[in-house]
Structures are given as structure tokens and as C-alpha cells.
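This report refers to the structure that appears directly beneath it.
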Amino acid sequence: MRLLLIATVVWTFCFSGTHAADHALNAVDAAEDVVLNDSDAPVAVAAAWQAAVPSLIGADGPLLTQVEAAQRLGLSGKDTTVCVIDTGVDISHPNFGACSEGIRGRACRVKFGFDAESDSRDPSPRRTDTAEAGHGTHVAGIAVGGFPDKLLDAAGKPLPYQRGVAYEARLGALRAVNKDGAFPGEYMNRALHKTIRENCDVNNLSLGSFNVVPNPSYRQGMEETAAADILTTAAAGNDEGAITLGPRLFGTASPASYPKVFAVAHLQNAANPGSLVEISTPISTSSGLRNMLVAIQRADTQTSLASLCSPSCDSLPLPMNIHLVRMGAQQTAPAPPSLLAAALGSVTATATVQCGLKMIFEASEYKKGQALLLHFEPECKFYHTAPELWQYLRAMSPALVLMAMPSDNDAHAGALYYKNAQIPVLWMRSDDGRALAEQLAFRDARSMPPLQLKSLPGATLVPVPDEQAGQPAATSSMGPAFDLSIKPDIAAPGSLYSSLPNSTYQTWPGTSMSSPYMAGVLALWKQHMHNLEIEQPPGGWINAAFTAFKNTAKPIKYGNSSLVWPPAKVGAGMVQAFSGIVTNVTVTPAELLMKTDGTHQQFTLSVTNAGWSDASYTLGHQPAVTLLLTKSWYNQAFDAAAPTAVATGVERVVKVPARSTKVVKVGITIPPELKALDAIVSGYITLTPVGATPPSASRQPLSTSTPITLSIPYQGTSKDYSTVGTPNSLALFVPALPDLHALAAQLISDKPPLFVCDTAQRSGCAYSPDGVTIAADSPIPGFMFASTLLRPLADVKIQLWSSDWEVHLGTSASLGPAPASSPFRRTYLFEGSWDGSYLPVNSAAEVFVPMKTGEKYRVKLELWPVLAAGDKLAGRKQGQPMIFTVNELIVMLADPSKSASTIQVASIGRDGRGGRDGREGRRDRRDRRD
């Protein structure tokens with residue numbers, strides 16, 4: 001074997017542990033009718049690549065979101081308007097009817113355009129060569145695209161169902177982004193007001209950023225669109241850090257976090273568009289001897305306008321030789337186990353892996369402009385993102401790179417997040433890539449001529465691996481909301497093929513893609529309601545839509561357990577378009593928000609049957625995996641072994657006569673073993689039609705008479721969310737768990753919670769253990785407080801005390817709500833810095849005074865709890881604040897024997913001014929000095 005190492009590129013990468021979801025992609029029936037079939041058999045991937053593969057847009061099939069079934073009812077979004085507020089839309093794209101400003105042909109489906117920056121009618125992106133500019137065009141295509149440019153298979157036939165969700169809806173295209181890529185509140189309000197004036201049926205907001213509470217800068221526009229009863233969908237957010245650090249709780253983006261907005265989570269779809277790859281000689285693969293291989297994420301249109309590697313892949317010098325390059329481990333050096341790895345008991349020990357490129361061919365054989373097959377060994381699979389790799393590949397100047405990853409999961413992920421568009425790349429199915437690499441190495445060892453890439457004869461649909469299809473994406477941002485209400489609201493596919501500027505198409509991932517999918521579903525629903533001559537459903541469009549689609553959403557199985565994913569990850573579950581549209585039976589309330597200060601709560605459900613036939617259901621309970629708040633900071637939030645809530649009043653049959661409402665009572669109990677934990681508790685109350693054939697046994701087409709299972713998500717906590725610092729309060733700070741004590745102490749000692757900074761320069765930040773003194777010649781300092789909060793706070797205030805702790809001098813103004821910390825990171829308790837001004841105790845006027853130069857001050861933090869939504873519904877009021885010194889916080893975090901219950905919980909008014917003599921807490925001051 002001629003193994004010529006013509007170059008070695010070495011990088012270091014530390015890894016520990018892996019994660020995988022467990023969900024089987026169910027087989028899709030090939031019959032003409034839409035068939036409900038929840039068989040556990042995976043989609044067969046054999047020579048007939050198109051057999052039993054679901055549709056392109058959402059690639060969902062009847063087993064995931066039922067969009068195809070809804071479209072087979074004759075629904076297309078016709079006569080509805082979906083309005084997309086985004087980075088702009090290329091309205092000249094064939095996907096929307098090739099419109100132009102001022103000239104609207106018969107095929108044009110753009111109802112109006114609007115630019116919030118210039119107040120003009122031109123919604124076009126300002127630059128069409130950037131990913132940001134293409135965002136709105138891609139989003140709009142998912143919701144309403146007609147997809148006239150079809151992907152063709154090797155026989156020249158279009159792949160099935162190439163169209164947007166509401167493919168005949170009108171489009172309102174609104175641009176609300178500035179030159180910096182931000183969405184200012186002023187622009188957002190203008191755009192939202194425009195959607196009201198234009199009578200939009202559905203607004204889509206695939207934008208946003210994390211805020212503790214919904215972004216107030218466009219509150220007016222959001223409230224006015226809600227008052228106008230406009231249905232709104234929004235991206236739940238993309239938590240990129242979740243892949244390596246773990247999910248961030250309370251992380252839903254704004255505007256998705258607003259009430260009356262469908263916050264949409266991202267699910268993996270069941271298939272992605274790929275390319276057939278014809279090679280010169282048949283090779284042995286897992287499905288037989290073949291010369292037609294398959295690559296993931298390659299798409300050409302009939303007019304050859306678009307592909308993942310367009311235009312390079314459209315003008316390849318075919319046939320061309322394929323040369324093998326291996327990315328393999330050169331040496332693996334054991335590394336000392338980190339505190340975290342040791343504490344978590346990682347299955348895979350941390351190691352330092354050095355990977356290098358090995359060229360399996362003679363240097364003289366390679367010519368620029370040929371194809372490279374880059375084969376990754378498992379320990380080096382993460383190197384496909386390394387900038388040095390792509391720099392080296394650019395120097396090689398291949399005409400095409402074929403990526404051979406260890407698994408299909410790796411290949412799908414690599415293709416979706418590929419960002420080095422300078423080099424044309426096809427990501428091979430793992431079996432095909434591995435077989436091709438083995439054949440190339442075999443031929444090189446025997447000095448045989450290299451294999452050739454003959455053609456890319458057509459497109460295909462490549463099934464996503466069983467354990468990923470229909471599962472929530474790791475990057476999909478989590479809830480719950482600030483007040484413990486359920487966010488996100490629902491989940492939809494989010495790795496979707498759609499339009500881009502300049503008449504191109506591509507597959508992009510994210511909640512930005514899930515949101516317009518849901519917007520399209522709502523347009524189908526509203527068209528159906530109009531067909532039934534319903535002009536205004538009882539309670540309005542928003543309430544009716546939330547009830548119908550939350551009731552009919554499908555809880556998503558969690559791995560191999562008997563549990564499901566919690567609402568904090570997927571809301572009510574996977575959207576079921578057909579069921580949500582045709583259901584005659586609904587349940588209110590559509591979600592159950594638990595009180596947090598007890599162990600048992602009874603709920604009253606109203607089951608309304610608007611149909612003409614009686615309906616009978618078996619009440620059931622589907623618990624969700626418990627979220628351990630105290631371990632969420634250490635990436636151990638999901639615990640399938642932890643106890644769950646118990647439902648009472650279930651396992652019985654409820655009959656609901658036609659045209660009537662039945663009242664049902666169910667209870668949810670927190671058992672003692674769950675009450676002992678600090679956890680978010682959730683699940684679903686289910687109503688399964690009596691006598692309905694289990695989906696796995698059903699071979700009947702979905703129809704308006706198909707029995708529909710309903711579910712109602714519930715959510716609460718094992719301890720009191722609406723207080724802080726009491727023995728029954730839910731944990732507030734990251735605890736120093738016994739097995740993580742050393743790590744917690746190290747983190748806190750390295751970065752204590754109190755920083756004192758120069759507000760002008762933000763330099764010289766340092767912890768001040770003896771209090772704060774302002775020198776006469778120094779600028780006014782700013783104070784920034786950071787901590788490891790497990791849950792949000794409603795408000796933060798700072799108390800100033802005299803240097804001897806005898807006199808409480810005053811309290812700062814409200815510094816606003818505080819966010820929960822993301823895993824392994826500290827979070828500032830409030831934005832910006834506090835300038836040191838305070839309201840003196842017992843001040844007759846609301847006049848804040850500055851700190852005096854040369855005087856020493858002591859500081860206490862005043863932290864106010866959030867009132868949980870379920871507690872508010874039960875009539876509770878906000879709890880009292882926790883008040884403590886910074887040193888007490890450090891001791892509490894670093895010493896597991898200390899707990900929040902040792903900290904003072906004040907009985908003071910909401911303004912935080914304290915007792916009559918301004919000296920509350922003086923009796924125990926000796927225990928509280930810094």
C-alpha cells in the first residue's frame with residue numbers, strides 16, 4: 001500500500017461523552033391515500049431510494065405533522081395572508097410568483113411589501129449575497145412557497161410534494177432589520193402596525209433575542225396585533241451553547257416569550273433532500289453492489305439554478321478522479337480528568353486527540369480540479385468545522401469534496417451547518433462514504449486506476465436516522481417562561497429546504513424555519529374555518545387556535561423510556577395539522593399551570609363536543625421527564641430516573657354527548673420523593689378515544705371521522721417558586737453538590753459575585769470584600785453583580801449600609817428582573833451597572849442621592865422572587881425578598897452545608913425601604929459582616 005503522507009495538519013480537541021436522542025422514524029405508507037401508521041419499522045433505504053419517503057417540505061409525512069393530510073383536504077392557504085417580518089424578501093423569486101415592485105402579474109402572490117427603515121413598499125434584502133439577507137426569503141418560502149422549480153430524480157421526475165405549507169396563501173413581505181442586522185423596536189412597531197392595516201391573518205416572527213421578560217421595545221406593536229386577533233408565530237430561539245454546555249432553562253427568545261404568541265420549537269424532520277452520485281465502477285455497500293451512491297443535502301432545480309454547492313456543482317468537469325484523504329488520529333494522550341468529568345463520572349474519559357490528514361495517493365497523481373473524498377475516523381469527526389482544515393482544502397483547490405462521516409447523524413448535522421461555501425461539498429451517507437473510502441484504499445494499494453465520479457444524475461430524499469427523526473433539536477431553546485408558564489408552545493420541523501435570493505434554494509436549520517412551518521399550518525386552519533363560513537370563532541381566533549393545536553399536538557417520546565419530552569422543551573408537542581384543523585372536540589383550559597406551594601392540586605377540564613356524534617374517551621396521564629433544577633447548571637437537567645408527578649381521576653371513561661360540554665376533574669400530586677428535589681415537574685393529561693384502533697395497527701386513511709387523541713400539558717415545580725430563602729422555596733442558586741463541591745468553590749473563588757468597575761472604562765474590575773469606598777479623585781464607580789442563578793428573579797435592588805453595619809442608609813431603584821444563568825456561566829443580575837445612587841430610608845421625597853466620596857459603604861443584595869403563573873391564578877401575591885451580604889452568598893455557594901434558608905427573608909414593603917428606624921436586620925448584624 002502506498003501511503004504517502006504529503007502533509008500533516010494537527011489540531012488538538014478535547015472531548016468527553018456523547019448524547020443521542022431515541023426516536024424511531026416510522027414507516028410511511030406508499031398508498032395514494034394518507035395512511036396513519038405508527039409502525040416502529042424504519043424507512044427502508046435500498047436501491048429504490050424514493051420508496052416510502054415522505055414529502056420534501058418539512059419532509060414530514062402523515063406520521064409527523066400531518067401537513068400532507070391537511071393539504072389533501074383541498075387546503076392550500078388560499079385567500080389567507082401570511083405576513084413575514086424579517087430581513088426582507090426577494091419577491092422576484094419564482095417561489096412567490098416572480099413579482100416585481102409596481103408590476104404584479106397573475107402568478108404573483110405578494111399582497112404587499114414594506115420596509116420599516118425607509119417606510120417604502122420595497123421589502124427586498126439590501127444585500128442578496130449574505131446569509132442574513134436570505135433569511136426572510138427562506139422563511140417565506142416555507143410558509144407560502146409554490147416551488148415551481150422542482151427537484152428531479154434520476155428519471156427526470158419531480159420529487160413528491162414540493163410546495164410550502166400554505167402554498168397558495170398571499171404573502172405580506174416586511175423588512176424590519178437595520179444595517180447592523182438588528183431589529184430595532186421602532187422598526188418592529190412600524191412593521192407590526194402595517195400588518196394590522198393590511199389585515200394579515202398570520203404574522204411570522206423568525207427573529208429575536210434572549211430577554212428575561214418579553215422585549216419591551218416593541219411591546220406596543222405586539223399588544224396591538226394581539227388585540228386585533230392576528231395569529232402570531234415566533235421562533236423559540238437557537239441555543240447554540242446547548243450542544244457542548246447543555247440546555248439553558250428559562251431561555252425562550254423574545255418575541256416568542258410574549259403571551260398569545262405561538263413559540264415554536266425545532267424538531268428534526270424525517271428526510272432531507274440529497275443527491276444521487278454515480279461512480280464509474282460498482283462497489284460493495286451495505287445494500288449490495290452499486291455504482292449509484294447517495295449524498296445528503298444536495299438539491300438541484302429543474303433550471304439548475306440552485307444547489308448546496310451551486311454554481312460549482314452545476315459545472316463540474318465530469319468525469320473526474322476521486323482521491324482519498326483520511327482524517328485520523330495520530331496520537332492520543334491521556335489528560336488529567338477535570339473536576340467536572342470526575343464529578344459527573346463521565347463514561348468517556350477526557351483525552352487530548354491529535355488528528356492529521358493522510359493522503360492515500362501519490363502527490364504526483366493529484367491535479368487541482370479533481371474530487372477528494374475526506375474520510376473521518378470517529379475520534380476526529382468534529383474536525384470538519386476546523387478553520388485550518390478548510391484553509392488546507394482551499395489550497396488543494398478540489399473541484400468537489402465528498403465528506404464521509406462516521407454516522408448518518410454526523411453527516412446530516414455537518415451538511416445542515418456547513419458554512420464554507422467556497423468549496424463545493426457533498427456529504428455522503430455514512431455507509432456509502434465508508435464503502436467508497438475502502439474501495440479507494442483497496443485500489444490504491446494495488447496500483448489500480450482511481451474511481452471516477454461520472455455524474456450527479458438527480459435528487460433524492462435521504463431519511464434522517466431513526467433516533468433523530470421527529471426529535472427536538474439540541475439547539476432549540478428551552479423554557480419555561482419567566483413566570484413558569486409554558487413556553488415554547490408547540491414544536492414543528494425546522495431543517496427545511498426553501499428559497500433563497502437570486503432564484504436559488506437551500507436547506508437551513510433552526511427555529512426560524514420551524515416558526516413559518518407553524519404559520520403555514522395556521523393559514524390552512526383559517527382557510528378551513530372560512531370554508532365552514534366561520535367568521536369569528538367563540539373567544540376569538542387566537543384562543544381558538546391555541547386550544548385546537550395545543551389539544552391535538554402529539555407528546556414526543558423521550559429516548560427509550562416510558563416518558564416524554566417536557567413542555568419546557570417542546571410545548572404541547574409535535575403539531576398535528578390535520579387533527580388540529582378537523583377536530584370537533586376541544587378541552588379547556590389548553591394547559592394546566594400548577595400552584596407551587598403544595599403537594600396536590602385539582603383541575604377542572606371542560607370537554608366540548610361540537611360534533612353531531614357522541615364521543616367517549618379514556619382519561620390518562622403521560623408524565624414527562626423531570627428537570628432537575630439544581631443540576632441544570634452542570635448539564636444534568638434531564639433525569640429519566642427521577643420521580644414524576646402522579647395523576648388522580650384518570651384511567652376512567654368519559655362520555656361527551658354531541659353538541660354539549662362535559663366537566664371533568666383530575667388531580668396532580670407531587671409525591672414525597674419528588675418533593676424532596678428541586679425540580680420542574682410536567683406531563684400531559686390525555687384523552688384517548690374509546691375503541692380507536694391503535695395507530696400501529698391502523699391502515700385507514702386519515703379522514704374527518706378519524707378518532708383524535710387529545711392532550712393537555714401541565715407544568716409546575718416540586719417546591720415553592722414564588723418565594724426565595726424559605727425552607728420550602730425552590731433552589732435559587734447553583735448548589736455546591738457534594739460531588740461538585742471542589743468545582744463550585746473554585747468557580748466562585750475565581751469569579752466572585754460582586755464586581756466594582758469604572759463605569760467610564762469598565763476596567764479594573766475587582767471584588768471588594770471590605771465594602772466600597774469612593775476615592776475623592778476617582779470617577780463615580782459602577783457596580784455589577786453576577787451570580788449563578790438557577791431561576792429568574794422579578795427584581796433586584798441594592799441596599800447601602802454604614803461601614804459598621806449599624807444604619808441602613810437607603811436602597812437603589814429597581815434594577816429590573818434578573819435572568820437565570822446558562823450552564824457553566826455566571827449571569828449579571830441586571831443589565832449595565834448601578835451608578836451608586838440610592839433612595840434614603842424614610843425619605844419624604846422620591847429623590848435619589850449619590851454616594852459620598854471618601855465614605856465607606858457596606859452592601860446587601862435584595863432579591864425579589866417571581867410570582868408563578870399558577871400561583872397568581874390561585875390568588876397568591878408576590879413573596880418577600882431575600883436580603884444578604886455578598887460574602888454570605890459566597891459561603892452559601894461554596895459550602896454545601898449552608899443553604900438559602902440561613903439567609904434573611906425580610907418582612908418589608910415592595911419599595912424595599914425597610915423598618916421604621918431604618919435598621920431592619922440589626923439584631924443579627926454580627927453574623928452578617930463582610
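The values are calculated or read from the model by the stated rules, or taken from the named source; none is laboratory data. Predicted model only: the values in this text are computed from it and were never measured. FYI the Cβ positions are ideal-geometry reconstructions off the backbone, even for glycines, and counts take in every protein chain you see. The area values use the complete protein model at the heavy-atom level, side chains included, leaving out ligands, DNA and RNA. Shrake-Rupley method; radii C 1.70, N 1.55, O 1.52, S 1.80 Å.
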Study note, to complete from the structure: Under 5 Å from the placed amide H of F733, counting only residues 5+ away or on other chains, we find L790
Revision key, fill the gap. The answer for A868, listing residues at least 5 apart or on another chain whose modeled amide H is closer than 5 Å to its amide H, is S722
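What length, rounded to one decimal in nm, is gained on full extension from S814 through to A640, with 0.36 nm per residue of separation minus their alpha-carbon distance?
Details: separation 174, 0.36 × 174 = 62.64 nm, distance 3.96 nm.
Full extension of this stretch gives 58.7 nm more.
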**Study point:** Phi to ³J(HN,Hα) by Karplus 6.51 cos²θ - 1.76 cosθ + 1.60 over the stretch 878-883, Hz, x for Gly, Pro
**Key:** 4, x, 7, x, 9, 10
Review point. When the accessible area of the stretch 564-671 is split by element with a 1.4 Å probe, what percent falls to carbon and sulfur?
Key: 49
Study note, to complete from the structure: Here, K852 and S561, labelled 7 Å along Cα→Cβ, have an inter-label distance in nm of 5.9
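Between N291 and D614, what length comes free when the chain is fully extended (0.36 nm per residue of separation minus the Cα-Cα distance, one decimal in nm)? Display every interim value, and only then the final one.
Numbers: separation 323, 0.36 × 323 = 116.28 nm, distance 5.77 nm.
Computed gain between N291 and D614 is 110.5 nm.
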**Study point:** the stretch 817-837 and the stretch 252-270: distance between their alpha carbon centers, rounded to Å
**Key:** 25
Revision key, fill the gap. Karplus ³J(HN,Hα) for the stretch 831-844 (6.51 cos²θ - 1.76 cosθ + 1.60, θ = phi - 60°; Hz, whole; x = Gly/Pro) runs 6, x, 9, 8, 7, x, 6, 8, 9, x, 4, 6, 5, 6
Check your understanding: Put a dot 7 Å past each Cα toward the Cβ at R197 and V663; how far apart are the dots in nm?
Key -> 4.8
Exercise for review: Please work out how much length the chain gains when fully extended from K157 to S120, using 0.36 nm per residue of separation minus the C-alpha to C-alpha distance, in nm with one decimal.
Suggested key: 9.2 nm
Study note, to complete from the structure: Row for the stretch 544-683, column shape: gyration tensor on C-alpha, a ≥ b ≥ c, rounded if a/c < 1.5 i.e. under 1.5, prolate if a/b over b/c, else oblate; value prolate
Revision key, fill the gap. If amide H atoms are modeled at 1.01 Å from N in the peptide plane, then the residues at a separation of 5 or more from L829, or on another chain, having amide H under 5 Å from its own are F785, A786, S787
**Study point:** Filtered trypsin sites (Lys or Arg not before Pro), the stretch 442-536: DSSP coil and at most 15 other beta carbons within 10 Å
**Key:** R446
Point to revise | Accessible surface of the stretch 499-538, 1.4 Å probe, proportion on carbon and sulfur as whole % | key: 49
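Using DSSP to call loops (not H, G, I, E or B), can you name the trypsin sites (Lys or Arg not before Pro) in the stretch 826-862 whose Cβ has at most 13 other Cβ atoms within 10 angstrom? Intermediate values should be presented prior to the final figure.
On the way: sites: R826, K852, K856, R858, K860; in loops: R826, K852.
Those satisfying the criteria are K852.
With a 1.4 Å probe and every protein chain left in place, work out the accessible area per residue of the stretch 134-257 in Å², rounded to a whole number. All intermediate terms of the calculation are to be shown ahead of the outcome.
On the way: 4090 Å² over 124 residues.
Roughly 33 Å² per residue, with all protein chains present.
In the stretch 501-599, what is the volume of the convex hull around the alpha carbon atoms, normalised per residue and reported in Å³? Spell out each step's value before the answer.
Values: hull volume 17.7 nm³, N = 99.
It is 179 Å³ per residue.
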Point to revise | 10 Å-binned pair-distance histogram of the stretch 134-241 (Cα, whole percent) | key: 12, 39, 30, 14, 6, 1
Point to revise | Spin-label model distance (nm) - Q602 vs K367, 7 Å beyond Cα toward Cβ | key: 8.5
Check your understanding: Sorted by packing (mean other beta-carbon atoms within 10 Å per residue), highest first, where do 877-885, 830-838, 171-179 land?
Key -> 171-179, 877-885, 830-838
Check your understanding: Which of the residue pairs K526/K655; K631/K872; K631/K860; K595/K655; K665/K872; K157/K454 have a Cα-Cα distance greater than 24 Å in the structure shown?
Key -> K526/K655; K631/K872; K631/K860; K595/K655
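What whole-number value in Å² describes the accessible area per residue of the stretch 354-483 for a 1.4 Å probe?
On the way: 4410 Å² over 130 residues.
Here the per-residue accessible area is 34 Å².
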Check your understanding: Counting only protein heavy atoms, what percent of the accessible surface of the stretch 139-207 is carbon or sulfur at a 1.4 Å probe?
Key -> 48
Review point. The stretch 576-643 to the stretch 208-228: how many Å between their Cα centroids?
Key: 27
Exercise for review: Quickly rank 790-798, 595-603, 813-821 as a protection proxy: mean count of other C-beta atoms within 10 Å, highest first.
Suggested key: 790-798, 813-821, 595-603
